[in-house]
Each structure stands twice: as structure tokens, then as C-alpha cells.
Amino acid sequence: MNKSIIDIKELTKVYRIGNIEIKALRGANLKVAEGEFVSIMGPSGSGKSTLMNIIGCLDIPTSGSYHLEGVDVSKLGDNSLAEIRNSKIGFVFQTFNLLTRANAIHNVELPLIYSRGGDRKGRRDRIMGALDSVGLIGWEKHRPSELSGGQRQRVAIARALVNNPTIILADEPTGNLDSVTGEEIIAIFQKLNREGKTILLVTHELSVARHTDRVIYLKDGIIPNEERIDSPIDAIERLKNMPKLEDKIGSTQKGQAL
């Protein structure tokens, strides 16, 4: 078994709006090993976004611990969290989040600018290497408006790769793509995983989750089980049979998860 890159214990997140408490995570536990390809599923409001924001160092938990490569990042301040985001985490979003007036090279270069990574030649080599890894050599001078949806997502993946991150977090990366293009994007993630990248992917599509090593199911801010998915039918049955929130928290007041 490879070493754990992500080790989350009893993680909670409570948002307060006036006198109202919204409990987004309720004691989640999760370990992800180096080189795993893990998908995160769950209904709307289950806590997926909150969990990914904490893993991506975009937010901090209310209680519990989150260790990334042995460092308890849940205790770090804003500057340290920003350094970790820039050096250890690559983000891929459903809506691509590309600069519309910049070409592929300049979009991929952004993380290197923030991290002040390398000289001009070193940056260029890293950018072209990232674009090559997603099959975009020949398209590097095109702007997003000149690219298809699948090509734009490839640029976003290259941008996530350029700093050689420890983990890649992908939030519904096929959500804005047709099924054929979505399969091509998942094939890129599989290739990167075979090359050693640790990938966490949020999806609501069982057809996507089936291509990962393991599926994490979230419901009402908890993780009832962690299993490999065998078939869409089995997955649907497991989701139906998840323990109800009241079974987990007894008489504790139920709050709506984000």
C-alpha cells in the first residue's frame, strides 16, 4: 500500500449565518494513498464542495484534522495555505476558468507566475511539457474562443499540471462536455494517474466514477462507506441504502449541509 497523501480525521465544518448553524461536514474521515484515483459522489447538499474546498486549502475546518503529506494544514494561516495551493495542488473546474484574452500558453503559465517558478526558458519548457501531456501541441497560441470545449478543458488540465502538484482536484470536469468528449477527458486523467498523479474528482455521473479506483459517497456531511464501484446498479443501490442522517446523529438538531 502506498503512503497516505491525504489523511482526514473527524473533520467538521459549521457555517454560521446570524443565529443559524449550517453543518456542512459532520465528522468525515478519509485517507487517500499516493497514486490513487478517487471519485467523490453524493446528492446536492451532501458536503462535496465543502470537502473539496478544505482539501484544496481554500477553506479551513471548524474542527478535526487534515494532513497533506504529513503536514497538518488545518492549522496553517492564509499565507502558508496559499503556498500549498500554488505548489502542491492543481485545480480543474467544470467551467474551465480560463482567461479569455490569453492564449493557451499564457493560461497555463499563470501558476508559474504566482509561484515565481523558474526563469523564462524553464517556464517555457514546463508549459510546453504540460500542453504536450494533454495533446495540445499545435494549439498553444489559440485563445479559448478558438478552442472546442474539450480543448479548453485540456488547457485547464495542463495549467493544473504545470507546477507538478502533489494532487489534482477536479470538480465536475466533464459537466460541460458531451459524452464522447467527456470520455476523452477522463482518458487523460487515467493516463496522468498511470504516470503517478494522485487525483480526486467530484462527479455526479456514474459512468465517470466507474473509471476511478475508489468511490467516496457523501451524504449529509458524512462518509458512510468507501468502496470501489462495481456497476451503476450496485452504486444506485448503495446510495439508496445509505444510513439516514438521524441514524448517525440521533437527536442532534439537523442542519442543512452545503
Scanning segment 81-99 for residues that are out of contact with any Gly (no Cβ under 7 Å at 6 or more places or on another chain) and polar (S, T, N, Q) gives Asn86, Ser87, Thr95, Asn97
One residue is enough: does segment 55-63 have a residue meeting the conditions under 17 Å from Thr212 (Cβ atoms), modelled with pLDDT of 95 or more and part of a helix (DSSP H, G or I)?
yes
Does any residue in segment 109-126 that is farther than 17 Å from Ile89 by Cβ come within less than 9 Å, Cβ to Cβ, of a residue that is among the β-branched types (Val, Ile, Thr) and modelled with pLDDT of 90 or more six or more places away or on a different chain, and which pairs are these?
Glu109/Ile127; Glu109/Val162; Arg123/Val162; Arg124/Ile105
Quickly run through segment 100-116 and pick out the residues that are closer than 12 Å to Ser87 by Cα and out of contact with any Pro (no Cβ under 9 Å at 6 or more places or on another chain).
Leu112, Ile113, Tyr114, Ser115, Arg116
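Of all the residues that make up segment 8-42, how many are over 20 Å from Ser65 (Cβ atoms), touching a strand residue (DSSP E or B) at 6+ places or on another chain (Cβ under 7 Å), in a loop (DSSP other than H, G, I, E, B) and of a type outside the set (Gly, Ala, Ser)? Talk me through it step by step, then tell me what you get.
Narrowing segment 8-42 to residues over 20 Å from Ser65 (Cβ atoms): 16-22, 35, 37, 39, 41-42.
Now drop any that are not touching a strand residue (DSSP E or B) at 6+ places or on another chain (Cβ under 7 Å), which leaves 21-22, 35, 37, 39, 41-42.
Okay, now just the ones that are also in a loop (DSSP other than H, G, I, E, B), so 35, 42.
Subset that is of a type outside the set (Gly, Ala, Ser): none.
Summing the residues that are over 20 Å from Ser65 (Cβ atoms), touching a strand residue (DSSP E or B) at 6+ places or on another chain (Cβ under 7 Å), in a loop (DSSP other than H, G, I, E, B) and of a type outside the set (Gly, Ala, Ser) in segment 8-42 gives 0.
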Can you tell me which residues in segment 194-224 are in contact with a helix residue (DSSP H, G or I) (Cβ under 9 Å, 6 or more places away or on another chain), among the basic types (Lys, Arg) and not in a strand (DSSP E or B)?
Lys197, Arg210
Of the conditions (1) closer than 25 Å to Leu201 by Cβ; (2) in contact with a Lys or Arg (Cβ under 9 Å, 6 or more places away or on another chain), Gln94 satisfies every one except a single condition; which number is it?
(2)
What number goes with the only condition from (1) modelled with pLDDT of 90 or more; (2) in contact with a Pro (Cβ under 8 Å, 6 or more places away or on another chain); (3) exposed (fewer than 14 other Cβ atoms within 10 Å of the Cβ) that Val180 does not pass?
(2)
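Is at least one residue of segment 226-242 in a helix (DSSP H, G or I), surrounded by fewer than 11 Cβ atoms within 10 Å (Cβ to Cβ) and at pLDDT 90 or above? Let's see the steps before the verdict.
We begin by selecting, within segment 226-242, every residue in a helix (DSSP H, G or I); these are 232-240.
Narrowing the set further to residues that are surrounded by fewer than 11 Cβ atoms within 10 Å (Cβ to Cβ) leaves 233, 237, 240.
Next, only the ones that are at pLDDT 90 or above stay: none.
Within segment 226-242, none of the residues are in a helix (DSSP H, G or I), surrounded by fewer than 11 Cβ atoms within 10 Å (Cβ to Cβ) and at pLDDT 90 or above.
The values are calculated or read from the model by the stated rules, or taken from the named source; none is laboratory data. Predicted model, so just to flag it, every value in this text is computed and none were measured. A quick note on method: Cβ atoms are made from the backbone with ideal geometry, for glycine too, and the neighbour counts reach across all protein chains shown.
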